[in-house]
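Before any comments, here is the structure.
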Amino acid sequence: EDGYDLWLRYRPLPQAGRDDVLRQAQAIVAPRSSATVQAAVTELRRGVQGMTGQAPADAAQPRAGAIVLGTAATLPPALLPDGLAALGREGYAVRRMESGETVIAANTDIGLLYGAFAWLRAANTGMPLDRLDERSAPKLQLRVLNHWDNLDRTVERGYAGESIWNWWALPDVRDRRYTDYARANASLGINGTVLNNVNSKPEILTAPWIAKAAALADVLRPYGIRVYLSARFSTPLELKETATADPLAPEVAAWWARKADEIYRAIPDFGGFLVKANSEGQPGPQDYHRSHADGANMLAAAVAPHGGVVMWRAFVYAAENPADRARQAYDEFTPLDGKFAKNVLVQVKNGPIDFQPREPFHPLFGAMPKTPLVMEFQITKEYLGYATHLAYLGTMFEEALRSDTARAPGGLTVAQVVEGAQTPGRPTGMAGVANIGSERTWSGSHFDQANWYAYGRLAWNPQASSRAIAREWAAQTFTREPRALDDIVGMMSMSREAVVNYMTPLGLHHIMGTGHHHGPAPWVAELARPDWNPVYYHKADRNGIGFDRTARGSNALAQYAPAIARQYGDPRTTPEPLLLWFHHLPWDYAMPSGRTLWAELVARYDLGVTQAQALRTRWAALKPFVDARRHEDVAALLDVQVKEAQWWRDACVAYFASVSGRPLPAGTKRPALPLERYKALQFPYAPGRG
Ligand code: BDP
């Protein structure tokens with residue numbers, strides 16, 4: 001086992017499970033087949049064969065012991081579930097009938113494929129198949145991966161090898177891996193993929209690359225996955241096909257309309273464009289004194305006749321806004337609420353800075369009631385220890401989604417906003433920055449597969465429980481033994497908090513190494529822009545630490561609903577995990593634990609190291625339950641995590657001790673090395689720079 005099979009391993013089940021599967025899946029009955037139905041049947045066969053050693057037969061007529069796939073048009077009335085229409089285009093019902101058939105019903109072929117995966121998931125996780133009765137429909141329409149893959153096959157912030165897109169060999173060579181990628185995504189309900197980096201190049205929209213994208217679209221289509229492209233705003237200008245990229249210039253709009261026509265000729269179900277504009281040096285409409293809405297709407301008009309959408313990112317921060325980078329997206333986008341075309345979605349990162357181990361939810365959620373907002377999560381762990389550290393992100397995604405924006409009486413969670421509570425009739429979506437590469441594990445480590453999995457399941461249902469998802473994943477990936485599962489789920493559930501503790505406890509953020517973001521560098525102060533420097537974010541000096549975002553400081557807090565602004569305006573009522581995000585406090589500030597802030601900070605760093613050690617110990621005890629190779633792979637990474645947790649702790653404690661001028665709290669271990677030695681570490685070849 002090298003991890004390639006992901007959660008779709010279909011290994012032989014223990015006797016009881018095997019008998020159960022064999023009883024329910026003696027045969028498969030499927031309607032005249034489309035490629036999608038074919039994919040569903042092939043997957044069911046593969047699964048049953050793998051779990052039991054026996055392949056189900058093909059049958060023409062429903063009968064007890066058969067799995068019967070069908071839509072309202074093909075199922076016999078006796079097998080048709082009530083209320084099927086309400087499940088919509090992608091929903092499914094899976095039900096074991098009293099008469100002995102297992103019916104997988106849907107309104108479309110893609111619903112059947114999702115239903116087939118649901119049945120396999122149930123079989124794989126040991127649910128009693130003779131009582132199966134599940135209905136499900138996605139709560140979001142666009143469930144999309146964002147690949148930050150470059151055309152030279154490097155991956156920005158990728159820690160799992162080269163891009164899986166072998167651009168050079170495309171469109172002629174269609175690697176089998178693309179099909180396995182499609183299967184894995186379809187098993188979660190992911191229905192879109194942006195193939196290329198948001199830091200995009202003009203070439204992606206030229207004929208040779210459109211052909212490559214079209215070849216991928218052909219492979220992904222049977223699995224319900226649409227292809228999207230990241231578009232560089234200045235493409236026509238840079239290709240020298242227009243004299244400007246001004247979105248209001250007619251020649252520019254006409255160029256994009258022609259380009260959209262060309263793309264749709266090659267990819268009739270093309271999803272649309274993702275755009276990073278006027279952000280980190282990318283071109284955009286503001287270069288022409290136009291707004292984000294002007295830019296987005298021009299592109300939206302080009303794809304609208306074909307049913308496409310534009311996902312316009314709200315990740316913006318400029319050199320001219322040094323007072324508080326966290327404020328800019330809200331300041332720039334809220335005045336545009338209601339000004340975006342119907343097929344534009346604004347894509348917002350979960351927090352206001354940048355995929356930190358912990359951030360409060362982004363204040364745009366709930367604050368743009370006339371604009372569909374896509375949640376953007378980062379699945380790849382740019383700021384959480386790359387693919388080396390175990391950090392299950394399900395808990396982090398859940399924390400963001402369950403946050404109450406307090407923008408409606410009785411509450412309005414971020415999940416509800418993303419589900420379109422404020423924008424009925426408009427599209428909805430979630431985007432996840434992929435952690436997928438060409439390594440055999442796909443994600444760079446076995447546990448990082450769980451982050452892809454959790455993202456997909458939460459995109460289907462943003463209100464799902466991260467713990468339940470972890471259990472479901474681990475049961476399919478490692479073992480069905482309940483005690484071992486409890487342990488694995490326990491490890492996963494505490495893992496992200498461990499990372500927060502040893503990297504950025506109590507609301508600290510962005511104190512990682514410059515550029516590559518690997519390892520601690522809270523001392524960095526000399527970079528050209530203030531907001532590139534860690535010292536800008538923690539503001540530690542002799543007197544205290546933290547970023548004052550209250551009315552006395554940057555007042556970013558005023559971007560939240562009044563109830564939250566009030567609660568977080570006082571350090572005593574601010575949730576402790578966000579304390580230094582919103583407040584600058586003296587080192588002697590009394591924490592609820594009875595410790596001073598300084599002592600608490602050191603205690604948190606120590607706790608993080610202890611938690612990393614606990615992950616390692618707990619995994620060691622799981623050896624009897626996990627195949628040797630994968631057990632060893634994970635163990636090797638946990639050794640690195642313990643070592644790096646200690647490094648983070650030692651470097652940060654040494655640094656904050658030096659700026660505060662405080663002695664280490666009594667009983668605290670001294671950092672292993674003098675501060676200067678940590679400062680001197682360099683990582684010129686860290687991966688993922690793109
Ligand atoms: C930051 C990454 C950078 C991305 C940027 C983005 O460091 O590589 O290009 O986000 O989201 O987290 O556009």
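The values are calculated or read from the model by the stated rules, or taken from the named source; none is laboratory data. Because the structure is a prediction, the values reported are computed rather than measured. Note: ideal-geometry Cβ built from the backbone for every residue, glycine included; neighbour counts use all protein chains shown.
Return yes or no: is R153 under 26 Å from the mean Cα position of the chain (by Cα) and within 20 Å of A459 (Cβ to Cβ)? Quick ask: steps written out before the conclusion?
Numbers: under 26 Å from the mean Cα position of the chain (by Cα): yes; within 20 Å of A459 (Cβ to Cβ): no.
So R153 does not fit the description; no.
Go through segment 333-349 and report how many residues are within 15 Å of the ligand (Cβ to nearest atom) and under 23 Å from Y536 (Cβ atoms). Working first, answer last.
The first filter runs over segment 333-349 and keeps only residues within 15 Å of the ligand (Cβ to nearest atom), leaving 346-349.
Checking which are under 23 Å from Y536 (Cβ atoms) leaves us with 348-349.
Within segment 333-349, residues that are within 15 Å of the ligand (Cβ to nearest atom) and under 23 Å from Y536 (Cβ atoms) number 2.
Among the candidates A16, A66, A60, single out the residue that is over 17 Å from Y114 (Cβ atoms) and crowded, with 20+ Cβ neighbours inside 10 Å.
On the way: A16 fails: crowded, with 20+ Cβ neighbours inside 10 Å; A60 fails: crowded, with 20+ Cβ neighbours inside 10 Å.
It is A66.
Please find, within segment 455-474, the residue that is surrounded by the most Cβ atoms within 10 Å (Cβ to Cβ) out of those that are among the hydroxyl-bearing types (S, T, Y) and under 20 Å from T380 (Cβ atoms).
Kept after step one, since they are among the hydroxyl-bearing types (S, T, Y), are these residues of segment 455-474: 455, 465-466.
Those left that are additionally under 20 Å from T380 (Cβ atoms): 455, 466.
Working: Y455: 27, S466: 25.
So, considering only residues that are among the hydroxyl-bearing types (S, T, Y) and under 20 Å from T380 (Cβ atoms), the one surrounded by the most Cβ atoms within 10 Å (Cβ to Cβ) is Y455.
Okay, residues lined up against (1) buried (at least 17 other Cβ atoms within 10 Å of the Cβ); (2) in the same structural domain as L80 (by TED's automatic domain parsing); (3) closer than 14 Å to A116 by Cβ:
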position	(1), (2), (3)
L6	yes, no, no
Q24	yes, yes, yes
T36	yes, yes, yes
G53	no, yes, no
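Report, ordered by the first and then the second residue, all pairs with beta carbons closer than 8 Å, sequence separation of six or more or different chains, a first member in segment 513-533 that is within 14 Å of the ligand (Cβ to nearest atom), and a second member that is in a strand (DSSP E or B) and at pLDDT 95 or above.
G513/P520; H518/M512
Would you pick out the residues in segment 51-67 that are outside any loop (DSSP other than H, G, I, E, B) and touching a residue at least 40 places away in the same chain (Cβ under 8 Å)?
Applying the first criterion (outside any loop (DSSP other than H, G, I, E, B)) to segment 51-67 yields 51-52, 57-58, 66-67.
Answer for segment 51-67, where residues must be outside any loop (DSSP other than H, G, I, E, B) and touching a residue at least 40 places away in the same chain (Cβ under 8 Å): M51, T52, A66, I67.
Just wondering, is there one or more residues in segment 171-180 that are within 16 Å of the ligand (Cβ to nearest atom), surrounded by fewer than 21 Cβ atoms within 10 Å (Cβ to Cβ) and in the same structural domain as M311 (by TED's automatic domain parsing)?
As a first pass, look at segment 171-180 and keep what is within 16 Å of the ligand (Cβ to nearest atom): none.
There is no residue in segment 171-180 that is within 16 Å of the ligand (Cβ to nearest atom), surrounded by fewer than 21 Cβ atoms within 10 Å (Cβ to Cβ) and in the same structural domain as M311 (by TED's automatic domain parsing).
Please work out if N196 is at pLDDT 95 or above, within 16 Å of the ligand (Cβ to nearest atom) and touching a helix residue (DSSP H, G or I) at 6+ places or on another chain (Cβ under 6 Å).
yes
What is the number of the single condition among (1) within 16 Å of the ligand (Cβ to nearest atom); (2) on the phi > 0 side of the Ramachandran plot; (3) in contact with a Leu (Cβ under 7 Å, 6 or more places away or on another chain) that F355 does not meet?
Just one mismatch for F355, condition (3).
Okay, residues lined up against (1) in contact (Cβ under 8 Å) with a residue 12 or more places away in the chain; (2) over 16 Å from T413 (Cα atoms); (3) in contact with a Phe, Trp or Tyr (Cβ under 8 Å, 6 or more places away or on another chain); (4) buried (at least 19 other Cβ atoms within 10 Å of the Cβ):
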site	(1), (2), (3), (4)
R325	yes, yes, yes, yes
A329	yes, yes, yes, yes
K339	yes, yes, no, no
N343	yes, yes, no, yes
K349	yes, no, yes, yes
F361	yes, no, no, yes
A367	yes, no, yes, yes
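So A651 ticks every box in (1) touching a strand residue (DSSP E or B) at 6+ places or on another chain (Cβ under 6 Å); (2) over 25 Å from E497 (Cβ atoms) but one. Which box is left unticked?
Every listed condition holds for A651 apart from (2).
Return the residue satisfying two criteria in turn: it lies in segment 369-387 and is in contact with a strand residue (DSSP E or B) (Cβ under 7 Å, 6 or more places away or on another chain) and away from the ligand (no atom under 14 Å from the Cβ), and of such residues it is nearest to Q356 (Cα to Cα).
Of the residues in segment 369-387, the ones in contact with a strand residue (DSSP E or B) (Cβ under 7 Å, 6 or more places away or on another chain) are 371-380, 383.
Remaining after also requiring away from the ligand (no atom under 14 Å from the Cβ): 371-373.
Values: T371: 25, P372: 24, L373: 20 Å.
Checking each candidate, the answer is L373.
More than 28 Å from the chain's Cα centre (by Cα) and at pLDDT 95 or above: does that describe K276? Give the derivation first.
On the way: more than 28 Å from the chain's Cα centre (by Cα): no; at pLDDT 95 or above: yes.
Spelling it out, it is not the case that K276 is more than 28 Å from the chain's Cα centre (by Cα) and at pLDDT 95 or above.
List pairs: first residue in segment 589-611 and within 19 Å of E644 (Cβ to Cβ), second residue surrounded by fewer than 17 Cβ atoms within 10 Å (Cβ to Cβ) anywhere in the structure, Cβ distance under 6 angstrom, at least six positions apart or on different chains.
V602/T668
Restrict the check to segment 231-248 and report whether at least one residue is under 17 Å from D149 (Cβ atoms), of a type outside the set (G, A, S), buried (at least 19 other Cβ atoms within 10 Å of the Cβ) and modelled with pLDDT of 95 or more. It would help to see each step written out before you state the result.
From segment 231-248, those under 17 Å from D149 (Cβ atoms) are 231-232; that's our starting set.
Of the ones still in play, those that are also of a type outside the set (G, A, S) are 232.
With buried (at least 19 other Cβ atoms within 10 Å of the Cβ) added as a condition, the list becomes 232.
Narrowing further to those that are modelled with pLDDT of 95 or more: 232.
So far as segment 231-248 goes, yes, one or more of its residues are under 17 Å from D149 (Cβ atoms), of a type outside the set (G, A, S), buried (at least 19 other Cβ atoms within 10 Å of the Cβ) and modelled with pLDDT of 95 or more.
Given the residues Y655, Y678, which is the only one that is part of a helix (DSSP H, G or I), buried (at least 17 other Cβ atoms within 10 Å of the Cβ) and touching a Lys or Arg at 6+ places or on another chain (Cβ under 9 Å)? Full working, then the answer.
On the way: Y678 fails: touching a Lys or Arg at 6+ places or on another chain (Cβ under 9 Å).
Within the list Y655, Y678, the selection yields Y655.
Restricting attention to segment 131-154, and to residues there that are in a loop (DSSP other than H, G, I, E, B) and of a type in the set (A, V, I, L, M), which single residue is farthest from the ligand (Cβ to nearest atom)? Spell out the reasoning first.
First pass over segment 131-154, keeping only residues in a loop (DSSP other than H, G, I, E, B): 132, 137-141, 147-148, 150-154.
Still in the running and of a type in the set (A, V, I, L, M): 132, 137, 140, 151.
Values: L132: 41, A137: 30, L140: 20, L151: 15 Å.
By that ranking, first place goes to L132.
With the condition kept exactly as written, say whether any residue in segment 429-437 is surrounded by fewer than 21 Cβ atoms within 10 Å (Cβ to Cβ) and more than 16 Å from the ligand (Cβ to nearest atom).
At the first step, the residues of segment 429-437 found to be surrounded by fewer than 21 Cβ atoms within 10 Å (Cβ to Cβ) are none.
There is no residue in segment 429-437 that is surrounded by fewer than 21 Cβ atoms within 10 Å (Cβ to Cβ) and more than 16 Å from the ligand (Cβ to nearest atom).
Checking the conditions here, which among Q646, Q641 is crowded, with 16+ Cβ neighbours inside 10 Å and touching a His at 6+ places or on another chain (Cβ under 6 Å)?
Values: Q646 fails: touching a His at 6+ places or on another chain (Cβ under 6 Å).
Only one candidate passes the filter, namely Q641.
Name the one entry in V29, V41 that is under 31 Å from the mean Cα position of the chain (by Cα), assigned by TED's automatic domain parsing to the domain that holds L75 and closer than 26 Å to N107 by Cβ. Outline the logic, then answer.
Details: V29 fails: under 31 Å from the mean Cα position of the chain (by Cα).
Among V29, V41, only V41 is under 31 Å from the mean Cα position of the chain (by Cα), assigned by TED's automatic domain parsing to the domain that holds L75 and closer than 26 Å to N107 by Cβ.
Identify, please: which residue in segment 90-120 is assigned to a loop (DSSP other than H, G, I, E, B) and in contact with a strand residue (DSSP E or B) (Cβ under 7 Å, 6 or more places away or on another chain) and is, among those, nearest to R63 (Cα to Cα)? Give the derivation first.
Of segment 90-120, the ones assigned to a loop (DSSP other than H, G, I, E, B) are 90-91, 97-101, 107-108.
Now drop any that are not in contact with a strand residue (DSSP E or B) (Cβ under 7 Å, 6 or more places away or on another chain), which leaves 91, 97, 101.
Values: G91: 24, M97: 10, E101: 6 Å.
Result: E101.
Mind listing whichever residues of segment 392-404 are assigned to a loop (DSSP other than H, G, I, E, B) and either among the charged types (D, E, K, R) or within 16 Å of the ligand (Cβ to nearest atom) (or both)?
Taking segment 392-404 as the starting set, the residues that turn out to be assigned to a loop (DSSP other than H, G, I, E, B) are 392-393, 403.
Correct list: L393 only.
Against the definition (among the basic types (K, R) and either within 16 Å of A434 (Cβ to Cβ) or in contact with a strand residue (DSSP E or B) (Cβ under 6 Å, 6 or more places away or on another chain) (or both)), how does R174 come out, yes or no? Can you show your working first?
Values: among the basic types (K, R): yes; either within 16 Å of A434 (Cβ to Cβ) or in contact with a strand residue (DSSP E or B) (Cβ under 6 Å, 6 or more places away or on another chain) (or both): no.
When the stated conditions are applied, R174 does not pass them.
Listed here are the residues, each with its yes/no results for (1) within 12 Å of the ligand (Cβ to nearest atom); (2) assigned to a loop (DSSP other than H, G, I, E, B); (3) in contact with a helix residue (DSSP H, G or I) (Cβ under 9 Å, 6 or more places away or on another chain); (4) closer than 18 Å to P530 by Cα.
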{"position": "Q282", "(1), (2), (3), (4)": "yes, yes, no, no"}
{"position": "D287", "(1), (2), (3), (4)": "no, no, no, no"}
{"position": "R290", "(1), (2), (3), (4)": "no, yes, yes, no"}
{"position": "D294", "(1), (2), (3), (4)": "no, no, yes, no"}
{"position": "M298", "(1), (2), (3), (4)": "no, no, yes, no"}
{"position": "A302", "(1), (2), (3), (4)": "no, no, yes, no"}
{"position": "V310", "(1), (2), (3), (4)": "no, no, yes, no"}
{"position": "E320", "(1), (2), (3), (4)": "no, yes, no, yes"}
